[in-house]
Amino acid sequence: MTKDLECIYCDTAFSIEACANFTVICPCCKRSMYLECEYGYGPVTPCRIYLGSEIAGVIESQNTDYHLNINHRKIRLVKTYLDAIKEAEEIVKKRLHIVRPCKDLQILTKGGSLCFYGDWFGRPYDNCHKIVRTHYDGEILEMQFDQSERLLVYNPEGITSTPQELRIEKASKLKWLYIPYGVRTTKYHTITYTLEDGTLFKETAHGKESLSLDGASAAVYIG
């Protein structure tokens, strides 16, 4: 059985042969883009590591010993269970010369209401989205929130972060991934903002529209 995937970072689409446990590295942008496993229901190994549609390695285990099988060569893993998957994926990336160092932008803001280019997500100050994790690789700033929401900020500029609020003055693109309130699904809904020749566009599942661009509004405001 095949599974169709699309990278949330660069929108590259491809298919893989699905199995119980697998993790996927995008063949285009080389970012870790997807993980599916039986965590909480069964063993997490064997676990395939895909680079696009190709299998780059397989994580296997015996009792408490975990190892990564690459081209019939076994590499012993230090970590176990879900941590072993992450460790093995990093080994595969290094062998493929994929290096994306994490940079610290000193994001102090814990969370708040969200506003993108003056366009509020929900009613202003009516909800609070708490930031639980941030990651910046020099191109994309990714923020993960307590309700599994994710915000991708491409090429951020002019970042001001205090405990009360976060402002990012400019970005080439924004992608907000969320699960609607009250909907029982694990599939993200996506809102994308892009600047094209000075015009701001907002794209959702309902289509694409142009918005008026207020020069005083930050690309991202959280507070």
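Across the cross-link table entries Lys30/Lys93; Lys30/Lys74; Lys3/Lys175; Lys93/Lys173, which are compared at the Cα atoms, the separations over 20 Å belong to Lys30/Lys74; Lys3/Lys175; Lys93/Lys173. Qualifying GluC sites (Glu not before Pro) in the range 1-41, where qualification requires a DSSP coil assignment and no more than 15 other C-beta atoms within 10 Å, comprise Glu38. Please report the carbon-and-sulfur percent of the accessible area for the range 19-103; probe 1.4 Å, protein heavy atoms only, DNA, RNA and ligands left out. Taking all protein chains in place, the range 19-103 shows 51 percent carbon and sulfur surface.
The alpha carbons of the chain occupy a box of 57, 36, 36 Å along the principal axes, longest dimension given first. Diffusion coefficient of the range 38-159 by Stokes-Einstein, Kirkwood radius over Cα pairs, 20 °C, 1.002 mPa s: 123 µm²/s. Solvent exposure of the range 128-177 amounts to 45 Å² per residue of accessible area, where only protein heavy atoms count and the probe is 1.4 Å. Which of the trypsin sites (Lys or Arg not before Pro) across the range 1-104 are loop residues per DSSP, with 15 or fewer other Cβ within 10 Å? Here the trypsin sites (Lys or Arg not before Pro) that fit, given the DSSP loop and packing criteria, are Lys79, Lys103. Please report the spacing between the Cα centers of the range 148-223 and the range 47-89 in Å, no decimals. Each part's Cα centre sits 35 Å from the other's. Carbon-plus-sulfur accessible fraction, the range 132-223 (probe radius 1.4 Å, protein heavy atoms only): 45%.
When you restrict to C-alpha pairs under 8 Å that are six or more residues apart and normalise by the size of the range 9-140, the relative contact order lands at 14 percent. Among Lys110/Lys202; Lys79/Lys103; Lys94/Lys208, which pairs are too far apart, with a Cα-Cα distance over 30 Å? Exceeds cut-off: Lys94/Lys208. Using Cβ point charges alone (K and R +1, D and E -1), the dipole size of the chain about the Cα centre works out to roughly 560 debye.
Of Ser172, Ser212, the order by accessible heavy-atom surface (1.4 Å probe, DNA, RNA and ligands excluded), from most exposed downward, is Ser212, Ser172.
A P(r) calculated from all alpha carbon pairs of the range 164-223, with 10 Å bins opening at zero, reads 19, 45, 30, 7 percent. With q set to 0.14, 0.26, 0.27, 0.28 Å⁻¹, the log10 of I(q)/I(0) for the range 47-114, from the Debye formula over equal scatterers at the Cα positions, is -0.53, -1.15, -1.22, -1.29.
Within the range 115-223, all pairs of alpha-carbon atoms sorted by distance into 10 Å bins from zero give the percentages 13, 49, 33, 5.
The values are calculated or read from the model by the stated rules, or taken from the named source; none is laboratory data. In this text the structure is predicted, and so the values were computed from the model without any measurement. We place every Cβ from the backbone using ideal geometry, glycine too, and count neighbours over all the protein chains shown. Accessible surface is based on the protein model in full, side chains and every heavy atom, while ligands, DNA and RNA are left aside. Shrake-Rupley method; radii C 1.70, N 1.55, O 1.52, S 1.80 Å.
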